[in-house]
Amino acid sequence: MLLRQCIERSTIGLALIAGAFGAGLTVAQAPPSSEQPWAIPESAIRRAAALGDTRFSVPHKQYDLAALVDLAERENPTTREAWEAAREAAAGIGLAESAYLPQLSLQAIGGLQHTPLPIPRNLVPAGYFVSDTREVIPALALKWLLFDFGRRNAQLQAARADSFVANVTFTGAHQKLIFDVSQAYFDLGAARGKLHAAQNALSTALTTQDAAVAKQNNGLATVVAVAQAQRQTAQARYTLAAAEGTERTARANLIAALGVPAATEIDVVDSAELPLPPAPADSVSKAVDQALAHRPDVIAALGKVDAAEAALKGERRSYYPTIELSGQAFQNIGSLNSDGGPYSNINRPGQSLLLSFSVPLFDGGMRRNRISMADAKAREAQEQLAAARDSASQQVVRAYNGLLTSLAEYDAATVLSQAARTAYEAALRSYRQGVGTYTDLATEENAVVQGDTQVEDARANAHTAAAALALSMGAIDIAGAEP
């Protein structure tokens with residue numbers, strides 16, 4: 001029965017929708033109104049537009065990787081965000097330390113009071129009298145927690161651990177930014193290399209096409225061979241256009257990694273001018289050991305464990321009593337009369353000093369639940385530390401193997417490119433002399449393009465792998481983003 005009702009309601013709903021569309025009613029046809037709840041306020045539009053008026057420019061010079069990283073650290077909001085988080089955590093230490101100091105406050109209370117009060121009838125026949133009071137009492141109040149069985153100390157330890165985590169996270173944000181800029185920089189270098197390879201491929205295709213046309217003019221080549229050469233040239237032009245688009249995209253990604261406006265123009269030094277990174281000097285096990293000792297995320301996870309354990313310690317201290325000192329120094333300024341008689345005035349100082357002892361007995365399970373939550377967070381922090389260590393080890397192994405593979409690929413790609421270039425030149429000479437076929441020439445031409453592209457890919461991959469290994473080991477720096 002329930003299923004049948006759902007089907008009937010769905011059928012009715014679809015019929016209404018179909019009828020609305022059949023009648024030509026659409027959302028776009030709704031009349032405009034300034035009272036529409038979804039309309040964006042003009043003030044918000046003006047504020048958003050004003051954000052785009054920010055003028056930004058960079059010095060006109062060539063930017064290598066170190067200069068790009070320096071620019072990113074000054075302009076990227078990620079590092080500033082991490083810095084503000086570190087400042088916030090440092091202020092938390094001061095907040096925890098303030099609990100050890102007395103609290104002073106200036107207080108004042110004043111007002112009027114009309115109060116009927118009972119009195120024996122043998123004194124006043126009506127059995128009551130009326131008291132009128134006018135009073136102002138300024139006071140200086142003191143409150144000082146003297147002893148709490150370590151609760152404040154635990155809170156201070158947790159605040160210091162949180163500050164330590166924030167500082168390490170700030171370092172990690174810097175290292176991550178260096179890697180992001182390095183990766184975008186080498187991606188741009190790879191895109192430039194592929195663009196250069198595409199330009200060479202077009203030049204090679206034009207040379208092949210000219211050779212085919214020359215042989216056709218001499219009656220030694222068919223129309224099919226010329227058409228195939230023209231097809232190769234057209235394909236090379238398409239590849240060149242795609243490479244130009246890839247280069248523009250890589251440049252935009254680098255600008256985004258820097259954290260500067262998207263329209264910023266920067267003259268970037270080609271990464272092809274950099275030497276290849278060296279192979280790792282240490283074994284992978286030593287690299288893993290270094291990562292576990294220096295990686296910011298592992299160290300931050302350890303700090304979170306300390307913070308969680310300190311918080312648990314503080315919650316457990318909530319079962320213990322507290323001893324507090326309080327006092328006041330005040331001035332009683334007022335006047336009093338009874339049953340409309342004359343006022344009696346006072347303007348005298350007073351003081352009080354009290355020592356209180358408080359033991360929590362019952363709170364409905366609030367402290368027990370808070371301890372359970374803190375204990376769970378402590379165990380969670382321990383598991384996060386174990387996960388961070390495992391993740392760090394895996395990342396180091398992957399980056400280590402990636403660097404070795406990239407360097408080997410570059411060596412192989414260099415040999416391949418040189419051999420392909422030699423084979424193409426030989427095939428071109430043979431084709432021009434009439435002893436080679438166009439199929440052989442086209443094959444070697446494609447091999448040249450493939451070899452040049454693989455060289456550029458392997459070069460960029462080697463630099464990126466070196467930066468990834470340095471990041472995974474917690475040793476990345478501005479100098480070269482390499483370990």
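The values are calculated or read from the model by the stated rules, or taken from the named source; none is laboratory data. Because the structure is predicted, anything quoted here is derived from the model rather than measured. Reconstructed Cβ throughout: ideal geometry from the backbone, glycine too, with neighbour counts over all protein chains shown. Surface accessibility is based on the protein's heavy atoms, side chains included, excluding ligands, DNA and RNA. Shrake-Rupley method; radii C 1.70, N 1.55, O 1.52, S 1.80 Å.
To keep it simple, each residue is scored yes or no on (1) more than 44 Å from the chain's Cα centre (by Cα); (2) buried (at least 19 other Cβ atoms within 10 Å of the Cβ); (3) at negative phi.
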position: 208; (1), (2), (3): yes, yes, yes
position: 214; (1), (2), (3): yes, no, yes
position: 219; (1), (2), (3): yes, no, no
position: 231; (1), (2), (3): yes, no, yes
position: 238; (1), (2), (3): no, no, yes
position: 242; (1), (2), (3): no, no, yes
position: 251; (1), (2), (3): no, no, yes
position: 259; (1), (2), (3): no, yes, no
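Against the numbered list (1) at pLDDT 95 or above; (2) closer than 30 Å to residue 319 by Cβ, residue 139 comes up short only at (2). Looking at residue 284, is it under 30 Å from residue 411 (Cα atoms), under 46 Å from the mean Cα position of the chain (by Cα) and of a type in the set (A, V, I, L, M)? Yes, satisfied.
Among the residues making up region 207-263, those that are free of Cβ contacts under 8 Å to residues at least 40 places away in the same chain and among the polar types (S, T, N, Q) are 209, 216, 217, 218, 222, 230, 233, 235. For region 396-411, check the following and say yes or no: at least one residue is among the aromatic types (Phe, Trp, Tyr), over 26 Å from the mean Cα position of the chain (by Cα) and surrounded by 15 or more Cβ atoms within 10 Å (Cβ to Cβ). Checking region 396-411: at least one residue is among the aromatic types (Phe, Trp, Tyr), over 26 Å from the mean Cα position of the chain (by Cα) and surrounded by 15 or more Cβ atoms within 10 Å (Cβ to Cβ). Pairing residues of region 88-101 that are aromatic (Phe, Trp, Tyr) with residues that are not in a helix (DSSP H, G or I), at Cβ distances under 9 Å and at least 6 apart in sequence or on separate chains, gives 100/145.
Please tell me if residue 457 is surrounded by fewer than 21 Cβ atoms within 10 Å (Cβ to Cβ), touching a Lys or Arg at 6+ places or on another chain (Cβ under 9 Å) and of a type in the set (Asp, Glu). Against the criterion (surrounded by fewer than 21 Cβ atoms within 10 Å (Cβ to Cβ), touching a Lys or Arg at 6+ places or on another chain (Cβ under 9 Å) and of a type in the set (Asp, Glu)), residue 457 qualifies.
The combined condition, being open to solvent by 70 Å² or more (accessible area, probe 1.4 Å) and outside any strand (DSSP E or B), is fulfilled by residue 302.
Does residue 421 qualify as being within 30 Å of residue 213 (Cβ to Cβ) and either of a type in the set (Lys, Arg) or surrounded by 22 or more Cβ atoms within 10 Å (Cβ to Cβ) (or both)? Outline the logic, then answer.
Numbers: within 30 Å of residue 213 (Cβ to Cβ): yes; either of a type in the set (Lys, Arg) or surrounded by 22 or more Cβ atoms within 10 Å (Cβ to Cβ) (or both): yes.
When the stated conditions are applied, residue 421 passes them.
Condition check: part of a loop (DSSP other than H, G, I, E, B), out of contact with any Lys or Arg (no Cβ under 7 Å at 6 or more places or on another chain) and among the β-branched types (Val, Ile, Thr). Does residue 168 satisfy that? It is false that residue 168 is part of a loop (DSSP other than H, G, I, E, B), out of contact with any Lys or Arg (no Cβ under 7 Å at 6 or more places or on another chain) and among the β-branched types (Val, Ile, Thr).
Would you confirm, using the coordinates I've provided, whether residue 122 is at pLDDT below 90 and either open to solvent by 50 Å² or more (accessible area, probe 1.4 Å) or closer than 24 Å to residue 312 by Cα (or both)?
yes
What's the total number of residues in region 371-402 that are charged (D, E, K, R) and under 16 Å from residue 466 (Cα atoms)? Give the derivation first.
Within region 371-402, the first condition is being charged (D, E, K, R), and the residues that meet it are 375, 377, 379-380, 383, 389-390, 398.
Add one more test, that the residue is under 16 Å from residue 466 (Cα atoms), and what stays is 398.
Residues flagged as charged (D, E, K, R) and under 16 Å from residue 466 (Cα atoms) within region 371-402 amount to 1.
Has region 304-326 got at least one residue that is closer than 23 Å to residue 186 by Cβ, in contact with a helix residue (DSSP H, G or I) (Cβ under 6 Å, 6 or more places away or on another chain) and basic (Lys, Arg)? Checking region 304-326: not a single residue is closer than 23 Å to residue 186 by Cβ, in contact with a helix residue (DSSP H, G or I) (Cβ under 6 Å, 6 or more places away or on another chain) and basic (Lys, Arg). Residue-level check: of (1) open to solvent by less than 50 Å² (accessible area, probe 1.4 Å); (2) over 30 Å from residue 274 (Cβ atoms), residue 162 misses just (1). Summed over region 261-298, residues that are loosely packed, with under 14 Cβ neighbours inside 10 Å, outside any loop (DSSP other than H, G, I, E, B) and of a type in the set (A, V, I, L, M) total 1. Only one entry of 70, 53 meets the criterion of being at pLDDT 80 or above and over 30 Å from residue 334 (Cα atoms), and that entry is 70. If I filter region 359-372 for residues that are in contact (Cβ under 8 Å) with a residue 60 or more places away in the chain, in contact with a helix residue (DSSP H, G or I) (Cβ under 6 Å, 6 or more places away or on another chain) and open to solvent by 40 Å² or more (accessible area, probe 1.4 Å), do I get at least one hit? The answer is no; no qualifying residue exists.
Any residue at all in region 374-395 that is part of a helix (DSSP H, G or I) and under 30 Å from residue 247 (Cβ atoms)?
Restricting attention to region 374-395, the residues satisfying the condition of being part of a helix (DSSP H, G or I) are 374-395.
When the remaining residues are screened for being under 30 Å from residue 247 (Cβ atoms), the result is 395.
There is at least one residue in region 374-395 that is part of a helix (DSSP H, G or I) and under 30 Å from residue 247 (Cβ atoms).
Considering only region 68-88, how many residues are open to solvent by 50 Å² or more (accessible area, probe 1.4 Å) and hydroxyl-bearing (Ser, Thr, Tyr)? Count: 1.
Would a scan of region 322-339 turn up a residue that is under 43 Å from the mean Cα position of the chain (by Cα) and either part of a loop (DSSP other than H, G, I, E, B) or surrounded by 12 or more Cβ atoms within 10 Å (Cβ to Cβ) (or both)? Let's see the steps before the verdict.
Restricting attention to region 322-339, the residues satisfying the condition of being under 43 Å from the mean Cα position of the chain (by Cα) are 322.
Filter once more, keeping what is either part of a loop (DSSP other than H, G, I, E, B) or surrounded by 12 or more Cβ atoms within 10 Å (Cβ to Cβ) (or both): 322.
Yes, that holds for at least one residue.
Suppose the filter is of a type in the set (Val, Ile, Thr) and surrounded by 14 or more Cβ atoms within 10 Å (Cβ to Cβ); does residue 115 pass it? Can you show your working first?
Numbers: of a type in the set (Val, Ile, Thr): yes; surrounded by 14 or more Cβ atoms within 10 Å (Cβ to Cβ): no.
So residue 115 does not fit the description; no.
Could you please let me know if residue 91 is in a helix (DSSP H, G or I), among the small types (Gly, Ala, Ser) and open to solvent by 60 Å² or more (accessible area, probe 1.4 Å)? In short, yes.
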